[in-house]
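Reviewing the structure listed below.
The values are calculated or read from the model by the stated rules, or taken from the named source; none is laboratory data. These numbers come from a predicted model, not from an experiment. Heads up, the Cβs are rebuilt from the backbone with ideal geometry, glycines too, and the neighbour counts pull from every protein chain shown. Only protein heavy atoms, including side chains, enter the accessible area calculation; ligands, DNA and RNA are left aside. Shrake-Rupley method; radii C 1.70, N 1.55, O 1.52, S 1.80 Å.
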Amino acid sequence: MAAQATLHCLTGCAIGEVLGMIIGTAFGWGNVSTMILAIVLAFFFGYALTLRGILAAGVDFRTAIRVALAADTLSIAVMELIDNGVIALWPGAMDAHLSDALFWIVLAISLAIAFVLTTPVNKWMIGRGKGHAVVHQYHH
């Protein structure tokens, strides 16, 4: 269940990261502005994916928002910290463009590292009845 929750988180983070990089590049923004946008969008899409499932179960919007925030905030935060940390520390990655193989390779590696390191966080939360353990009741 922890790996599945982390994969769910990874999907939202990856969508937000890539979209943020595309938008930031298209507008000619600098690295910091683009990274901030990518992080904001990662949280947005991470929460949106969780909300979709909860709302489909017939839960009201206000309750669904509270459940999504409680379930995903720590997971997304850890994933974004690791993912963006790897990108920031990888030589040349911050200056790589979307058309550069380095950009995509480092992004894939950073997301893989983030997945491996975030899975135990989700396992810990699920073991305490928090995180996606709360969301899981709405999947049935």
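Return only the number of the condition from (1) farther than 23 Å from Ala2 by Cβ; (2) within 18 Å of the chain's Cα centre (by Cα) that Phe61 does not satisfy.
(2)
Keeping to the range 2-20, report how many residues are more than 15 Å from Asp72 (Cβ to Cβ) and surrounded by fewer than 22 Cβ atoms within 10 Å (Cβ to Cβ).
3
Just one of Gly46, Gly28, Gly24 is at positive phi and open to solvent by less than 70 Å² (accessible area, probe 1.4 Å); which is it?
Gly28
Of everything in the range 122-140, what is open to solvent by 30 Å² or more (accessible area, probe 1.4 Å) and at pLDDT 80 or above? Give them in sequence order.
Lys123, Trp124, Ile126, Gly127, Arg128
Give the residues of the range 49-58 that are buried (at least 17 other Cβ atoms within 10 Å of the Cβ) and not in a helix (DSSP H, G or I), sorted by residue number.
none
So is Val67 more than 10 Å from the chain's Cα centre (by Cα), closer than 19 Å to Ala2 by Cβ, touching a residue at least 60 places away in the same chain (Cβ under 8 Å) and open to solvent by less than 50 Å² (accessible area, probe 1.4 Å) or not?
yes
Out of the range 77-114, which residues are touching a Ser or Thr at 6+ places or on another chain (Cβ under 6 Å) and either not charged (D, E, K, R) or not in a helix (DSSP H, G or I) (or both)?
Hits for the range 77-114 are Val78, Met79, Val86, Ile87, Leu98.
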